[in-house]
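To start, the structure under review is shown below, and the notes come after it.
Rule-based calculations on the coordinates, nothing more; no lab input. The shown structure was predicted, so the numbers you read here are calculated from the model rather than taken from an experiment. No Cβ is skipped: glycine too gets one built from the backbone with ideal geometry, and neighbour counts run over all protein chains shown.
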Amino acid sequence: MWPQAVAIGLVIAGGVASLVMSVGSFRSLDETRAAYYERYQFADVFANMPRAPRSVLDEIAAIPGVAMADGRIAKLALLDISNVAEPASGLFISLPAQGEPDLNRLYMKEGRLPDPLSDSEVVVSGGFAQAHGFAPGDTFSAILNGKRRELVIAGTALSPEFIYAIGPGDRMPDNWRFAVVWMPERALASAYGLSGAISSVSVTLLRDASEAQVIDRLDAVLDRYGGSAAYGRKDQTSHAFLEHGLDMLRNMSTTIPPIFLLVTAFLVNLVLSRLISLEREQIGLLKALGYRNSAIAGHYLKFVLVIAAAGIIVGSVAGTWLGVIVTRLFGTFYQFPFLVFAKNPDLYALGAILSLVAAGLGASRAIRTAVVLPPAVAMQAAAPPRFRRFLEFLPSPPRFTAQPGLMMMVRGLWQRPLRTAMTAFGIALATAVLIVSLFTGNAIEQLVDVTYFMADRQDATIGFVAKQPANAVLQVARFPGVLAAEAVREVSIRIRHGSVERRVMLSGRGRNADLSRIIDTNLRPVILPESGLAISSYLAGVLGARVGDSVEVDLLEGDRRTVVLPIAALVEDYFGIRAMMDADALARLLREAPSVNAVNVSLDQSRVAQLYAVVKGTPAVAGVALKETALANFRSTLAVTITTMAAIYTNLAAIIAVGIVYNSARISLSERARELASLRVLGFTRWETIRILLLELTFLTLIAQPPGWLMGYGLAWVMKTRLAGELMRVPMIMQNLTYVIASAIILLAAALSALIVARRVNWLDLVAVLKTRD
Amino acid sequence: MAPPVFAAKDLTKTYASGDVEVRALRGVNFEVGAGEVVVLLGPSGSGKSTFLNIVGGIDTATSGDLRFKDIDLTKLRERDLTRYRRESVGFVFQFYNLVPSLTALENVALVTEISTNPMRPQDALAMIGLENRMHHFPAELSGGEQQRVAIARAIAKRPEVLLCDEPTGALDSKTGVLVIEALLKVSAELSTTTLIITHNATIQDVADRVFFFADGNISRIQRNATRRRAADLVW
């Protein structure tokens, strides 16, 4: 019995482990974030403008609902690091003349804050320092407002504002090429001619304040300074990405553990029912001797309890171990001062209670049969099961009904429909879990393919500090190594349909742009319509708008008009939500001469070094986003997460498959040992006997596959839908090969566990069978 | 004289149980001719079941020779013993050992499917008078009927040897007589060598010879000058 107990224990352990891992990692991340935000005064609302007098902060602090307002200078600039060919970018943020910032405070990892009077001392973000092996005292250069400056690192720090720090034009963190640089206000202000002025505002809210109202009032105050619309934490990049990661864990914690609990209940029922039927006569005897029902029930409950306890212990240890791995994994791209897997006792208690409840539910039905039998009846052998005819009543029964081996299987299954259904259901669940795991990998590949190869075909995007006249694209085209160049004009907008509103980037591009293309929902490149917007299909879903509908658009630049535009096309994209339109149409809309913010370029790879050198000497350039680097970063961060998660899922699916198939095979062997031994005596070879034993399971495993595929598709769809967010989505792509691989793995797991059981056919006692009654 | 179907010389079987050795067979010598009906009589523990198990190829002797025609059964490997049972031996068990999920006909067909020269399952059942109960499950048949299905299953492959271990042990006398009658009928029709273990001394009268077992050996062999008809037996 102990291998069966181990198999059940493993399933319980799988449930507890998946719960502890997912909920534990979620909580660790969530609680760490909350503590970090609170202790380091992470702001609630943010706004940027080209320039506003510092005195505007008093006005902002007076807005009802605002608890505290802090202002600073924030500027993007190119970095030049010795021994690094490609240009990096830095987001320069001013530090107050005295003390620390009131909001978005720094956690100092190393060194100290810069001397407020120094022109060269800075604090750099921890990830950047680590990537380059920088320590206090090391130096690098930056081009601030066209002037090259030597900077000395006084310290390294982390900030709640940049837990997930991504550079301009990037989608994933790249600590090699992006830094947050904190610099004394005096030095930064003098570099940009912003003495007494600020370009960025952060605000915290009072407990009951309405964020929307504060944002409205803040926009009104900053409007005269050319402020682009204020936004809350939801639209703050770092916070939004972190939220997305948390969603993933939350999602996992609600889908996987329930599957295990269900399988646990079924397996406990299966094994305990068999145990009780084997011990039926002893139960009758004990009852006849005066043992109470409660004592009998207690005995079996203890048995279940011991298995469950072992499973809970193993699951807790495994879950903690996996949780530490997952938390550490998240720690590699979320920069926290401290991030440890929180071992909250209540979580372990929850895992234990849920497992015990599932096991108890499974046991209750089996134990009831032991309890309700009168002793006299129990002491006699159970009545033989009544088998029913199957299809033989038909005038011409199917051919297989003439094969006794097949009929043994069919009638065996037919006689216990619930057990048959539950076994098949369990195996189907295992297939489904595996499909989800494989699906994730496929979806990521599709995402890479569409994003990096179908849509964004440029090798690099050169971003400007501020908008440039249209001929800037011609200058870029003359840079060494540039083979083709296409202009991009980006402007912040608020897009509104009915009561739903989102803040997105509207990018204007040439109608026939060939480098960065627009891919429609049928994965075909589309030509931008002459007028109207092309928007992310996800954004259309959020807005509840369709092609042909009109949306209101607040232009958050220039004369800040509100216009009404039709939606002309939907775009299939997986990162962010955005809107696009024809560059000329956008220029007319903005009532400006055609301008550019960025240029997409394709490069002659043999000349990139020269290009980098030129770019580093071009003050107007704020940063260069490199596709290859972006893709490599995407793979190294997300791919690791995905493969780790997929490995966990695959193992969990295998545990379910082995748990169910092994137990079913063992029970089948136990129930049919006498029958099978008789067959051996009658001259059946071992293999023929094993075939009869395993026919039923093979059949169940096979018929479980199509429902498994369906459930897998469904689970993948749920996963995809729940993971879909405004930051990132995965496509619902399901290849036929996915089904094949998932089923092959389950069949293999089933075959291995069945063969372990089948070996026992060798040990059947042929002599005893001649003398024993069923 | 035709060569014997079985010939044993100094056949022994010893079971080791911890430090204790149990000698179940102590140098048994015997011969059984083709078509002979032999009844093995003796008290429990006298070695007759061990003897039948070794003859049937489901157990192996510790020492001695046992030949089935010109095959030395003591030298056969497990796989060859399976083939021997499959091709040459028909078993009838005390508790029938039918597959409960199969009808009478299917129980017989289960064995004919793996045989090289079987009779039709229907014919086997007809031989023992169960042609009208072919589509019943074991649970729908009486004990005697179940045992007769077991006999049909044993003889359907036309075995050379029929080994019966207490075939009437679980039956009342009237049904037991019917079963013995069926056994003798098929063994005569198919010229099958038949060995029947029993506690029931009355049954010895139907045999050609009776082996009396005591203390792990054949203590006496009795040849019946005339065999009684099964129908005449009463116990």
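Odds and ends about this structure:
- Simple label model, 7 Å out from Cα along Cβ direction - A:Ala212 to A:Glu38, nm: 2.8 nm
- If both residues of a DSSP beta bridge must be in the protein assembly as shown, then about 70% of such bridges are antiparallel.
- Each of A:Gly155, A:Gln415, A:Gly319 was placed along the dipole of chain A (beta-carbon charges, centred on the mean Cα), and the one lying farthest toward the positive end is A:Gln415.
- Dipole in debye (nearest 20) - the stretch A:486-543, about Cα centre, beta carbon charges: Lys, Arg +1; Asp, Glu -1: 160 debye
- Extended-chain gain in nm, criterion 0.36 nm per residue less alpha-carbon gap, A:Arg722 and A:Ala309: 145.4 nm
- Placing dummy labels 7 Å off each Cα toward the beta-carbon, the span from A:Ala587 to B:Ile71 is 9.8 nm.
- Relative contact order, percent, the stretch A:43-240 [alpha-carbon distance under 8 Å, six or more residues apart]: 37 percent
- Whole-Å distance, taken between Cα centres, linking the stretch A:138-155 and the stretch A:417-434: 63 Å
- By the rule of a C-alpha distance below 19 Å, with chain neighbours fewer than 8 residues away ignored, the lysines paired with A:Lys287 are A:Lys302.
- Degrees separating the helix A:237-278 axis from the principal Cα axis of chain A, which is the longest one: 0 degrees
- Annotation for the stretch A:603-639: trypsin sites (Lys or Arg not before Pro) lying in DSSP loop with at most 12 further Cβ atoms inside 10 Å of their Cβ do not exist.
- The relative contact order of the stretch A:482-603, computed from alpha carbon pairs under 8 Å that lie at least 6 residues apart in sequence, is 38 percent.
- For the stretch A:301-460: rounded, prolate or oblate by the Cα gyration tensor [a/c cutoff 1.5]: oblate
- What you get for chain A, charging only the Cβ of Lys and Arg (+1) and of Asp and Glu (-1), is a dipole of about 3460 debye around the Cα centre.
- Cα-based reach from A:Lys343 at 17 Å (exclusive), listing aspartates and glutamates while leaving out same-chain residues under 8 positions away: A:Asp30, A:Glu31
- Antiparallel content of DSSP bridges confined to the stretch A:43-240, in %, to 5: 75 percent
- Taking amide H as placed 1.01 Å from N in the peptide plane, A:Phe92 has its amide H under 5 Å from the amide H of A:Lys75, A:Leu76, A:Ala77, A:Val181, each at least 5 places away in sequence or on another chain.
- Cα centre as origin, Lys/Arg/Asp/Glu Cβ charges: the stretch A:609-723 dipole, Debye: 140 debye
- Given A:Lys467/A:Lys720; B:Lys9/B:Lys174; A:Lys147/A:Lys234; B:Lys13/B:Lys157, the pairs whose alpha carbons are separated by over 32 Å: A:Lys467/A:Lys720; B:Lys9/B:Lys174; A:Lys147/A:Lys234
- Residues B:Thr116, A:Thr641, B:Thr192, sorted so that the one with the fewest Cβ neighbours within 10 Å comes first: B:Thr116, A:Thr641, B:Thr192
- Dipole axis of the stretch A:43-240 (+1 Lys, Arg; -1 Asp, Glu on Cβ), positive-most option in A:Ser141, A:Pro53, A:Ser199: A:Ser141
- If R0 is taken as 60 Å, the Cβ-Cβ distance between A:Asn293 and A:Asn83 corresponds to a FRET efficiency of 0.15.
- Karplus (6.51, -1.76, 1.60) ³J(HN,Hα), θ = phi - 60°, over the stretch B:35-41, in Hz, Gly and Pro reported as x: x, 6, 10, 10, 9, 9, 10
- In sequence order, calculated HN-Hα J values of the stretch A:329-340 (Karplus, 6.51, -1.76, 1.60; Hz; x Gly/Pro): 4, 5, x, 6, 10, 9, 8, 10, x, 8, 8, 10
- Cα gyration tensor category, rounded, prolate or oblate, for the stretch A:482-603 with a/c compared to 1.5: oblate
- Shape call, the stretch A:1-103: gyration tensor on alpha carbons, a/c limit 1.5: oblate
- Each of B:His136, A:His132 was scored by other Cβ atoms within 10 Å of its Cβ. Listed from fewest to most, they are B:His136, A:His132.
- Once the Cα atoms are used to define both axes, helix A:640-681 deviates from the longest principal axis of chain A by about 10 degrees.
- With 20 Å bins from 0: P(r) over the protein assembly as shown, alpha-carbon pairs, percent: 11, 30, 23, 16, 14, 6, 0
- Close amide H pairs (under 5 Å, H built 1.01 Å from N) link A:Ala460 with A:Val601, A:Lys627, residues at least 5 positions away or on another chain.
- Neighbour-count order for B:Ile196, A:Ile296, fewest beta carbons within 10 angstrom listed first: A:Ile296, B:Ile196
- Placing unit charges on the Cβ atoms of the charged side chains and taking the dipole of the protein assembly as shown about its Cα centre, the candidate lying farthest along the positive direction among A:Ala240, A:Val504, B:Trp235 is B:Trp235.
- Site pair A:Val357 and A:Gln475 shows an inter-label distance of 6.7 nm when each label is modelled 7 Å from Cα along Cα→Cβ.
- B:Phe213 long-range amide H proximity, modeled H, under 5 Å: B:Leu41, B:Gly42, B:Ser219
- Look at the alpha carbon pairs under 8 Å that are at least 6 residues apart: their mean separation over the length of chain A gives a relative contact order of 18 percent.
- For the pair B:Thr116 and A:Asp765, a Förster radius of 35 Å applied to the C-beta separation gives a FRET efficiency near 0.80, rounded to the nearest 0.05.
- Computed FRET value (nearest 0.05) for A:Val564 with A:Glu31, which takes r as the C-beta separation and R₀ as 56 Å: 0.80
- Per-residue ³J(HN,Hα) for the stretch A:603-616, Karplus 6.51 cos²θ - 1.76 cosθ + 1.60, θ = phi - 60°, Hz, x for Gly and Pro: 10, 8, 4, 6, 10, 5, 4, 5, 4, 4, 4, 5, 4, 4
- Overall Cα dimensions of the stretch A:43-240, principal axis frame, Å, largest first: 50, 32, 27
- For A:Ala43, neighbours were defined as the other residues whose beta-carbon sits under 9 Å from its Cβ, and their charges (Lys and Arg +1, Asp and Glu -1) total -2.
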